[in-house]
Every structure is written in structure tokens, then in C-alpha cells.
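Every read-out reported here was derived from the displayed coordinates using simple, explicitly stated rules and does not represent laboratory data. All of these numbers come straight from a predicted model, not from anything done at the bench. When we count neighbours, we look across all protein chains shown, and the Cβ atoms used for this are built from the backbone with ideal geometry, even at glycine.
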Amino acid sequence: MRILSAATAIFAVLTTVSAARDSLPDCSGLPNTSPVIEPNVIPLKTVLNGQSYLLSNDSANYVYLAKVSGSPYEMGYAQGELFKDELPLQLLNYETLYPVMTQSVLHTNAILPDEYILMIPEWILIPLGKFLLDMNWYIALPWIPQRYADELEGMADASGLSFERLRRANMVPEIIQAHCTVFGAWGPATEDGKVYHLRALDWNPFTPINQFPAIIIYESNEEGSQTIANINYLGWIGTLTTMSKLGISVGEKVMLPREGSHDYPEWPQVTYFGKPWQFVLRDTTQFATNLADVYYMLNTAKRTMRIHGGWGSAPDHSFRGMDFAANFVKLYDDHNYTHYSNQSHPQMDGIFYLDKHVQPSDNQCIKNIITPQYGHITAETIYSNLIGDHRTGDNMWVVMKPESGDIWMASSQYGAPVEAYRRSPIHVRLGDFW
Ligand SMILES: *[C@@H]1O[C@H](CO)[C@@H](O)[C@H](O)[C@H]1NC(C)=O
Ligand SMILES: *[C@@H]1O[C@H](CO)[C@@H](O)[C@H](O)[C@H]1NC(C)=O
Ligand SMILES: *[C@@H]1O[C@H](CO)[C@@H](O)[C@H](O)[C@H]1NC(C)=O
């Protein structure tokens, strides 16, 4: 009896070990078990309208945080002063993206066969890239709120960098939207009934822009403005991932419709003549006070690119997914998403997701991760299992809890080939700063 139970115990240990090594069906990764970092908060600088801090536990695990206030120009100026040393380096990091960005535009628009695109030298790709970024800015300018130009102007004046270079870098996301995972869990799906929102950015993990991950907290004096935290890379003022103090959170994912499919109510259209999506998304967090406002703002915006997205909302205690294109915008809750499938994407109360693959996807990984955890989902389920097992967020990922202002995040390691989904979550309590 004793021998038998000892054997059973050993067998149990062995199966646990082997279970820990095997991926879940359809999943390509393993749980991320790197310990959570409660960072030291090191004050860096104080200027007229801002303070900056470094949140870190050592020289490899860090995120910059700054709080700026005032008018858009003043908030830009404060960022330029606070990061006078870092912004010039980060601008060079953004500029390393231009050749690949130009190749991707030529490829997407099928302007040349790929073998010719690959033959174009950098001395053509780089100026061509700058030209495309300039064109995009001028074409979109009638729809770009003056506030964004003012913020960049302030940043340029204080840092000594040229407005043109900062502006170009800020148009990169409009041209290359990224692969990502959108995940929301709330109400009956989560352990404490609160809303959890993941934005996992899957996009070239080893570009040097990961030198300066930054959270910029804006306390704008513009009418109707909420305090927001833009969770991004230094110098990018639009949204990659943003959350407001009031509790509206947002993250996006590129939409790649399949030629000839009827996956969307109408064929999703694209235009460059409109408000860049990063500014549309940031405005929803800065000016919306609930999901109805978010929908109104999305619906009335002059939309440009094809993207998916997710919104968490503390005021609504809920979450919405989104399909967005120049010609339509749809929000989905946990009942009316249009591509449920019992095999790969079952309807579950309090769950919305779009996995890292092209949508609709028949990959079962996320279903396999969350089914056993349903009703008990926590931030840890997301940063350990969802990020790790689904192997998503190679560049940066952020788990947000809009009702408490907590976030857990990581970006890929600067100067080393370590993807973000392998790295320790840095826990930031935004409530300590705003
Ligand atoms: C910081 O966190 C990382 C990741 O968990 C860990 O490997 C490292 O040892 C920590 N550094 C210090 C100085 O505690
Ligand atoms: C899904 O339901 C939400 C309300 O929960 C609504 O706002 C949204 O428009 C609906 N979406 C579709 C596509 O019907
Ligand atoms: C999934 O299975 C349930 C129960 O058999 C069924 O009611 C539902 O229509 C199925 N959903 C889909 C999207 O196939």
C-alpha cells in the first residue's frame, strides 16, 4: 500500500514534469514562469510640467515612466526636457525601421515582385521611406487634431530634435500595423469578477526601439480630457496600448482580410485620407467616459486602416472587441462576435479574444488555455499562461486591470535576443503615480 502510494506519487511527479514540458494542443509555447518584478522607483528628473522615473530591478529589466501636465504643447515640451538625452537615441532607433517599412509598403501594394524589392539598396529605401512618411502626414493632416502636432512641436523645441524627424517616426505605426493578440476577460470568467485586458504586440522583437519602453502619464488641461497612461516606446505619442485613470483601456491588432472571403460584413477598405488610427485610439481613452462614447468616437472618426482592437471599461465593467476599417466599425461583446466555433472559438460569458493569427482563426490554443481556468482567470493566468503558452507578445505585452490601475508588462530585452513573452512581468501600480 505504502509502496503503491509512493509509486503513485513518483508517477504523479513525473507526469507533472512532463506535462510542464509539453505544450497544450495547438499551442507553440510554455507558461512564462519568470517571477514578477516589483520595481524600484528611481526619480530621474523634475521639470516645470513633469517628472520622470525609472522603474527597474536591474539594468536589463526596466521601464521609463513620466508624468506630464498642461496643454498639449507643454506636455510635449516636458517630455522633450525630461528625455533630452534619450530621445535622440530613440529617434535613431526608429529610423532603423525605415528600410523594412519601405519594403513592406512595396510588397503590400504589389508594386514590384519581392525579388526586386529585396534588391533595392538602403540608400534608396531610406529616403523613399521618409518620403512615404511625409506624404502620409500631409495627406492625413486635415484629420490630425492640432493637439498632436502641438505635442510634437513642444517635444522638438525642448529636445532640439527636428519636428520633421519626430513627426516621421510617429507615422510609422500608420504604415505598419502589427500582429497581436487581443484578450479580455471579465465578470463570470475572472476570479475576482474584474476586467482584465491583454494587448500583446507580436512584431519584430529585436528592433532596438526596445531600448526605451515608456509609460507617459498625461494630465492634460484640455476640456473633457481624462488622465491617461500611454504604454509605449519613448517618443511615440499615439496609442499602442493606453489606459485611462477612469478605466478605459485599448490595444490594437492588424486586420488581414482573406482575399475573396466573406469574413466581414463588407470588404474592409483602406484609405490614407483620414485620422491615423493611433490618434483615433488614443482619443478614445483620453475623451471617452464609457463604451458608448468609445463607439460614438470610432463611428464618427474618418477611419483609415484595417485593424482589430479591444477595449476594457471599468465604468461598464465590461469589454468589447472591434473590427475597424475605413468603411465600417463594429464592436463585439461576449455574445455577438461573428466567428464563434465550438472547436476553436467557443462563446463563453465574460470572454472576448482574437488570437495572434489572421482572423478568423481556427487555432485552438487560447480555447485550450482558458477552458480549464474559466471562472478563475487572474492577471497571472494571462501573463503566465496566455502569453507563454500562446507565445504571443514577442515585442511587448501589457496586462491591464482598468478597475484598479494595475498593469503588468514586459518588452523584449534590449541588446539580447530575449522575446518579451519569456521575460518577467514588471508590475506597475499606476495608482501610485496618477
Ligand atoms: C531582476 O529580475 C530578473 C527577472 O526576474 C532577475 O533575473 C534578476 O535577478 C533580478 N535582478 C535583481 C538585481 O534582483
Ligand atoms: C454586440 O453587443 C453590444 C452590446 O453588448 C453592442 O454594443 C454591439 O453593437 C453588438 N455588436 C454587433 C455586431 O451586433
Ligand atoms: C456549439 O455547441 C452548442 C451545443 O451543442 C450549440 O448549441 C451551438 O450552436 C454550437 N455553436 C457553434 C458556433 O457551432
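The table for this structure:
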{"quantity": "Mean separation of Cα contacts under 8 Å (6+ apart) over length of the chain, as relative contact order %", "calculated": "21"}
{"quantity": "Cysteines without a disulfide-compatible neighbour (Cβ-Cβ under 4.7 Å), the chain", "calculated": "C180"}
{"quantity": "Fewest-first ranking of W137, W123, using other Cβ atoms within 10 Å as the exposure measure", "calculated": "W123, W137"}
{"quantity": "Which listed pairs, of K194/K245; K194/K356; K84/K130; K67/K302; K45/K401, have C-alpha distances above 18 Å, in listed order", "calculated": "K194/K356; K84/K130; K67/K302; K45/K401"}
{"quantity": "Gain on full stretching of the segment that runs from T371 to S261 - 0.36 nm per residue minus C-alpha separation", "calculated": "36.7 nm"}
{"quantity": "Förster radius 51 Å - calculated FRET efficiency between F131 and Q347, Cβ distance, rounded to 0.05", "calculated": "0.60"}
{"quantity": "Distance in nm between pseudo-label sites at T271 and I139 (7 Å out along the Cβ direction from Cα)", "calculated": "1.2"}
{"quantity": "Separation in nanometres of the label points that stand 7 Å from Cα toward Cβ, at H107 and L89", "calculated": "3.0"}
{"quantity": "Mean residue ellipticity (222 nm) of the chain, computed from DSSP H runs ≥ 4 via -39,500 (n - 2.57), nearest 500", "calculated": "-9500 deg cm²/dmol"}
{"quantity": "Net length gained if the chain between E122 and Y340 were fully extended (0.36 nm per residue, minus Cα distance)", "calculated": "74.0 nm"}
{"quantity": "Ranked by how many other beta carbons lie within 10 Å on average, peptides 367-375, 238-246, 318-326, 200-208 from highest", "calculated": "238-246, 318-326, 200-208, 367-375"}
{"quantity": "Relative exposure of K330, K67, judged by other C-beta atoms within 10 Å (fewest first)", "calculated": "K330, K67"}
{"quantity": "Efficiency of FRET from Cβ geometry, W434 and S23, R₀ 25 Å, rounded to 0.05", "calculated": "0.05"}
{"quantity": "Label zone at D58 (point 7 Å along Cα-to-Cβ), backbone N below 20 Å, the range 24-40", "calculated": "32-40"}
